[in-house]
Amino acid sequence: MFYIAVDREEPWKTILNNIAGAILTVAVLSIVWEVRGKRLFADEMLELVGLSYDVDRAGIQSATREFHQINWKQLIGNAKEADIFVSFARTWREAQRQELAALAKRADSIRIALPDPENASVMAELARRFKIDATELRGEIVKAKDAYREILQECRQLTIYGVPVAPTYTYYRFGDRIIVTFYTHRQEKTTVPTMVFSEGTFFEFFRDDFNKMLTLQTTRSL
């Protein structure tokens, strides 16, 4: 009778070696995480905290490239005063007519700034930008002035200014919120960034920019 010798311990040795290797790998990875991973994680968190601080300090509430997504009804409805600087904003003005009229009834003050239709250099710049005749542009601004006076006629203190400035952005302040829409350098039509700000460094910049513009020597009432 013949016997074949089998080492019954060999499979267990292999299993134990694999387990030991896995434990060693986990231990090494744990050490790497302790030294490197946590440091990277901490750096990322610091960057996020820094970004959050910057956003909060600037007063940024929202940003979009879809102008129509702004909740104008809520923004206008919560305000008791307003400042607006636009080229003429016919579409926006008509879309918000009811909200603006309701604002006028409760507002303490509304200030509207429009490019001065009698300022030839401003008209030339905007006509070039909008690709329309300067005479047509001048007519649109005069229509805007008349429309705002009609819509906001119940406001206790309504002032409309003609400013010697071609807008590089449109500006709306309703109470403690500012909405800014930027222009594009492209020739073709495209959606552009619109941002909403509460009190903060950006809010202060745009508010002060508007106020300073009204003090320019050739700014006049329309």
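The values are calculated or read from the model by the stated rules, or taken from the named source; none is laboratory data. In this text, all values refer to a predicted model and were calculated from it rather than measured experimentally. With ligands, DNA and RNA removed, areas are computed over all heavy atoms of the protein, side chains included. Shrake-Rupley method; radii C 1.70, N 1.55, O 1.52, S 1.80 Å.
Pairs spanning more than 24 Å between alpha-carbon atoms, out of Lys145/Lys212; Lys80/Lys212; Lys105/Lys143; Lys80/Lys189: Lys80/Lys189. Normalised per residue, the accessible area of region 120-222 is 55 Å², obtained with a 1.4 Å probe and no contribution from ligands, DNA or RNA. 3J(HN,Hα) couplings calculated from phi for region 210-220 with the Karplus curve 6.51 cos²θ - 1.76 cosθ + 1.60 (θ = phi - 60°) are, in sequence order, 5, 4, 5, 4, 6, 9, 4, 4, 9, 5, 9 Hz; Gly and Pro show x.
Remark: region 134-147, residue by residue, has Karplus-estimated 3J(HN,Hα) of 4, 5, 5, 4, 4, x, 5, 5, 5, 4, 4, 4, 5, 5 Hz, where x stands for each Gly or Pro and the curve is 6.51 cos²θ - 1.76 cosθ + 1.60 at θ = phi - 60°. The length gained on full extension between Ser62 and Thr218, counted as 0.36 nm times the residue separation minus their Cα-Cα distance, comes to 52.7 nm. Once neighbouring chains are kept in place and the probe is 1.4 Å, which whole percent of the accessible area of region 126-222 is contributed by carbon and sulfur? Carbon and sulfur atoms account for 51 percent of the accessible area of region 126-222. Close amide H partners of Glu118, meaning residues 5 or more places away or on another chain with modelled amide H under 5 Å apart, do not exist here.
Remark: region 66-116 carries 47 Å² of accessible area per residue (probe radius 1.4 Å; ligands, DNA and RNA excluded). For region 121-222, rounded, prolate or oblate, judged on the Cα gyration tensor with a ≥ b ≥ c (square roots of eigenvalues), a/c < 1.5 rounded, else prolate if a/b > b/c? It comes out oblate by the Cα gyration axes.
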